[in-house]
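The structure under discussion appears below in the form of structure tokens.
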Amino acid sequence: MCGLTAAIGKPGALMQNVFEDLFIVNQTRGLDSAGVASATLDGKVNYLKHTVWPHQLMRMDGYREIMNKRQDKNSVLIGHARAATKGSVASENAHPFMHDGICLVHNGTLITHLNHKGKRTDTDSESICKAIAERGIKKVWHELHGSATLIWYDKSDQSLNAISNGQRPLAYFYSEERDMIVLTSDGDHLRPVANFNEVKIAKNELYKSTDDTHLHMSWDDKKQIVVVEATKLEARPFPVVAEARREAVRHAFTGINTSTASSQSRLPLGPVRVSKDGTVTSVNGSTSTSVLPFPSDKAPRYHNANRSGLSRVAFNNIHKECFICEASLVNEYHTAAIVDGTHAACHSCTTTFGKQGIPLEAMKGQTG
């Protein structure tokens, strides 16, 4: 869980005040590091990040240099409060990341890093930044495997961009004059912050991001408004479960060998998507509502370390990383799901696969 904050609009104290208030209240979503970025009307990007809390970052000389002294020129502001998952807690792993004109912040955890040129990045988030800089968001979004809400600045067209796959929250509002758009992870903070700064919200409505919809926002300095374009992107089908793995899981939890069962009770062959209502759909369009990988009354129940009787020291010695996404489990004593004596999953993966009806045991030997 991380906290994202961003604003685009008319440069000045008002937009910066709204941004900073949200930046501070979002620090409860990430206490490992903080970072900000600003982009001026002429496309110059400046950023600062460190292993501190947002309110501490705002007291640093570098913050005043890129924010306060350029207040009348900054048309885009981006902030991030990090709760570390993949990658160590270090300034270089704090957000935002900047590569070839793309300045990006990310909330979520990828199952695997994205491919990009050069050395493998320490964090999955930086791999997203590099991949977008190389291939663009349309291709990257179809490749992305995991949970992601992204906000980034593209220097090539001086735009602020945002997209979410629904695994992590994102909310926003327009000002009444359409001269400001403000985005944040926690939508509950938007209205109080707007009221405190006497910003009138257009139609008095707050919006939640639509899954897989790319928001492209740019500032029209002549008309003094923010121009928004929304484009639906094709996401990667998730999860994709191999036939052999499905059969092994089904047999393990129900005792039914689907290879000898009637064809009516079998799941579709090939890659599938499992919906919330239990419908299993193959990529070729055939469906089966007969079974999930396990029936709901026999679904596995996972315990965290505390409920399993493990001490924190013992847990940290045995389970150092999530066996699915390789995220550190050092701070997940109360939230990680223990599958067996050698396998434990982070809260993000447990939630993601749980919603899709996929038991964590099914992922053994399928990652990496």
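Would you kindly work out the equivalent ellipsoid of the stretch 105-195 from its C-alpha gyration tensor and give its semi-axes, the square roots of five times the eigenvalues, largest first in whole Å? All intermediate terms of the calculation are to be shown ahead of the outcome.
On the way: eigenvalues 151, 49, 19 Å².
One finds semi-axes of 27, 16, 10 Å for the stretch 105-195.
Would you grab the residues whose amide H sits under 5 Å from the one on SER33? Only those 5+ places off in sequence or on another chain, please, with H modelled 1.01 Å from N.
ARG82
With θ set to phi - 60°, apply the Karplus curve 6.51 cos²θ - 1.76 cosθ + 1.60 along the stretch 34-40 and write out the HN-Hα couplings as whole Hz, x wherever there is a Gly or Pro.
9, x, 9, 9, 9, 10, 8
Could you order peptides 213-224, 46-57 by the average number of other Cβ atoms within 10 Å of their residues, highest first? Please list the in-between numbers first.
On the way: 213-224: 15.4, 46-57: 19.2.
Final packing ranking: 46-57, 213-224.
How far apart, in nanometres, would the label points at LYS117 and LYS69 be if each is projected 7 angstrom from Cα along the Cα-to-Cβ direction?
Between LYS117 and LYS69, the simple spin-label model gives 3.3 nm.
Using modelled amide H (1.01 Å from N, peptide plane; none on Pro or chain starts), what sits under 5 Å from the amide H of LYS200, excluding residues fewer than 5 places away?
The list, which skips near neighbours in sequence, is GLU176.
I'm a student and want to see the number: the projected area of the Cα convex hull of the stretch 3-232, averaged over all directions, in nm².
Numbers: hull surface 44.3 nm².
Mean shadow area of the hull around the Cα atoms is 11.1 nm².
Using the 10 angstrom Cβ neighbour count as an exposure proxy, how do ASP186, ASP211, ASP42 rank, fewest first?
Values: ASP186 17, ASP211 13, ASP42 8.
By the 10 Å Cβ count, ascending: ASP42, ASP211, ASP186.
Near the amide H of SER75, under 5 Å away, which other amide H atoms are found, from residues 5 or more places off or on another chain, if H is placed in the peptide plane?
Amide H neighbours of SER75: ALA39, THR40, LEU41.
When the Karplus curve 6.51 cos²θ - 1.76 cosθ + 1.60 is applied with θ = phi - 60°, which whole-Hz ³J(HN,Hα) does each residue of the stretch 186-193 get, with x for Gly and Pro?
The phi angles translate into 9, x, 5, 8, 4, 5, x, 5 Hz.
Does anything in the stretch 321-340 have its amide N under 16 Å from the 7 Å Cα→Cβ label point of ALA314, and if so which residues?
Answer for this model: 333-334, 338-340.
Laboratory data are not the source of any read-out in this text; all were calculated from the coordinates shown. Small disclaimer: the values here were computed from a predicted structure and weren't measured. Note: ideal-geometry Cβ built from the backbone for every residue, glycine included; neighbour counts use all protein chains shown.
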